[in-house]
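S.K.: This structure is in structure tokens; I'll ask about it shortly.
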Amino acid sequence: MSRNESGQETTYNPETLHGTHYTIEAFNDEVDRLVQEWIDDEEEANGETPSASEIDNVKFNYRRDVYVDWTGADSDQMLQWEMVNSLEFTGYATSGFVKEENDNPLLEPIHGLSLRDYAAMVIKMSSGVDENEINKAMGIEPAIWQEVNTLWVTRMQEDPSFTIAVLYGQYFMEGATHPKLAHLQPAVNEAGAENLQKMRTDQYFFEELSGARIAAYNYGLDGAQWILDNYGVTLGDFQAVAMEYMTARNMDFNSEEIMKFATYQQEKQAEYEEKFAAEQGGNVADDVDF
């Protein structure tokens, strides 16, 4: 529970996470007033106007200050509010909070394939489903797929707000349920299916495998292939689960939980690095005395 500047319990707009006891216009006006006061003081003291980057940094901090003062929000609530409004505040999109806009030209289908279609095709391919079967299910020729694959990547690179890339990640999580592709399933053994389900329901297990994958790469192994060989989970499925956890984290931000799982992953990474080092005959530095 948080209380606003009047001592009353704060209620929040579910879309913007701004307090319902003020308008966004009033909020922005207060931030702008404080920023202008700072600019005036700097001009009087130094005889010149601060740079645009300096003004942006000051505005960033005043925006936080006003939000906390007006709502009584704690740091986690404030950070989530920033993520919800990241496009407005920073010009960058944040996973979990982006909705498709019909008037965005970068989201126009390519050869009839939407970004959601493209994401579903990619996850199916990265999960081991045959590319020709995917193209057949979507009603396209291989040459069309090659062009679609190139152009969607180009659009992501051309989008300075990362909206297309973030939406792609959000749709990537849904790829397995695409109506035209849901029937195409990779050849996964029973153990792999069980491990995939466990990854989705047991975050400790997911963080352990994440740490193991990083450790594998650090020791010259293909981490994705190591996960597939030992746990039967494909790269596409692994990335989809990772996106699920990241999006859930953003939408229910809890710094203590984030730190807990980050620390656990680092501990597991260290354990697997010891394992890989032993399998490779020890670290190079193990035989060096200082």
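Each reported figure results from applying straightforward, stated rules to the coordinates on display, with no laboratory input. Note that the structure is a prediction, hence the values are computed from the model and not measured. Ideal geometry is used to build each Cβ from the backbone, glycine not excepted, and the neighbour counts take in all protein chains shown.
S.K.: When each pair of different Cα atoms in region 105-177 is counted once in the 1/r mean, what is the Kirkwood radius in angstroms, to one decimal?
M.R.: 12.4 Å
S.K.: If the only charges are +1 at each Lys and Arg Cβ and -1 at each Asp and Glu Cβ, what is the size of the charge dipole of region 89-248 around the Cα centre, to the nearest 20 debye?
M.R.: Around 120 debye, computed over region 89-248.
S.K.: List the trypsin sites (Lys or Arg not before Pro) in region 127-180 that DSSP assigns to loop (not H, G, I, E or B) and whose Cβ has at most 15 other Cβ atoms within 10 Å. Which are they?
M.R.: Passing both the DSSP loop test and the Cβ count: Lys180.
S.K.: Within 14 Å, Cβ to Cβ, of Ala187, how many net charges do the neighbouring residues add up to if Lys/Arg are +1 and Asp/Glu are -1?
M.R.: With Lys, Arg at +1 and Asp, Glu at -1, the net is -3.
S.K.: As I understand it, the value is the acute angle between the Cα axis of helix 190-201 and the longest principal axis of the Cα atoms of the chain; what does it come to in degrees, rounded to 10?
M.R.: Taking the Cα atoms of the chain, the angle to 190-201 is about 10 degrees.
S.K.: Here's a follow-up. Quick one: angle between helix 52-71 and the longest Cα principal axis of the chain, in degrees between 0 and 90, rounded to 10, please.
M.R.: The angle comes out near 80 degrees.
S.K.: So what is the relative contact order for region 1-131, in percent, with contacts set as C-alpha pairs under 8 Å and at least six apart?
M.R.: Computed value for region 1-131: 22 percent relative contact order.
S.K.: Hey, got the dipole for the chain? About the Cα centre, +1 on K and R Cβ, -1 on D and E Cβ, debye to the nearest 20?
M.R.: Here the size comes out at about 1380 debye.
S.K.: I'd like the orientation of helix 24-46 relative to the chain: the angle between its Cα long axis and the longest Cα principal axis, in ° from 0 to 90, rounded to 10.
M.R.: Long axis of 24-46 versus the principal axis of the chain: about 70 degrees.
S.K.: So, one more: What order, most packed first, do the peptides 220-226, 53-59, 237-243 have when packing is the mean number of other Cβ atoms within 10 Å of each residue?
M.R.: Listed from highest to lowest mean packing, they are 237-243, 220-226, 53-59.
S.K.: Could you please tell me the mean projected area of the C-alpha convex hull for the chain, averaged over all directions and given in square nanometres to one decimal?
M.R.: 22.8 nm²
S.K.: Something else: Considering the dipole of region 19-63 built from charges on the beta carbon (Lys and Arg +1, Asp and Glu -1) around the Cα centre, which of His21, Asn46, Asn57 is farthest to its positive end?
M.R.: Value computed over the given set: His21.
S.K.: In deg cm²/dmol and to the nearest 500, what is the mean residue ellipticity at 222 nm of the chain if only DSSP H runs of at least 4 residues count, each as -39500 (n - 2.57), divided by the residue total?
M.R.: -20500 deg cm²/dmol
S.K.: Compare Gln266, Gln80, Gln280 in a GNM of the chain, Cα atoms joined below 10 Å, and give the one with the largest fluctuation.
M.R.: Gln280
S.K.: Using a 10 angstrom cutoff on alpha carbons, build the Gaussian network for the chain and name the most mobile of Asn254, Asn61, Asn149.
M.R.: Result: Asn61 has the largest fluctuation of those listed.
S.K.: Separate question: Quick check: the distance between the Cα centres of region 144-211 and region 21-90, to the nearest angstrom?
M.R.: Rounded to whole Å, the Cα centres lie 37 Å apart.
S.K.: In whole Hz and in residue order, list the ³J(HN,Hα) couplings for region 220-226 that follow from phi through the Karplus curve 6.51 cos²θ - 1.76 cosθ + 1.60, θ = phi - 60°; x for Gly and Pro.
M.R.: Working through the residues one at a time gives x, 9, 7, x, 5, 5, 5 Hz.
S.K.: Still on this structure: Can you give the relative contact order of region 105-177 as a percent, counting alpha carbon pairs under 8 Å and 6+ residues apart?
M.R.: 50 percent
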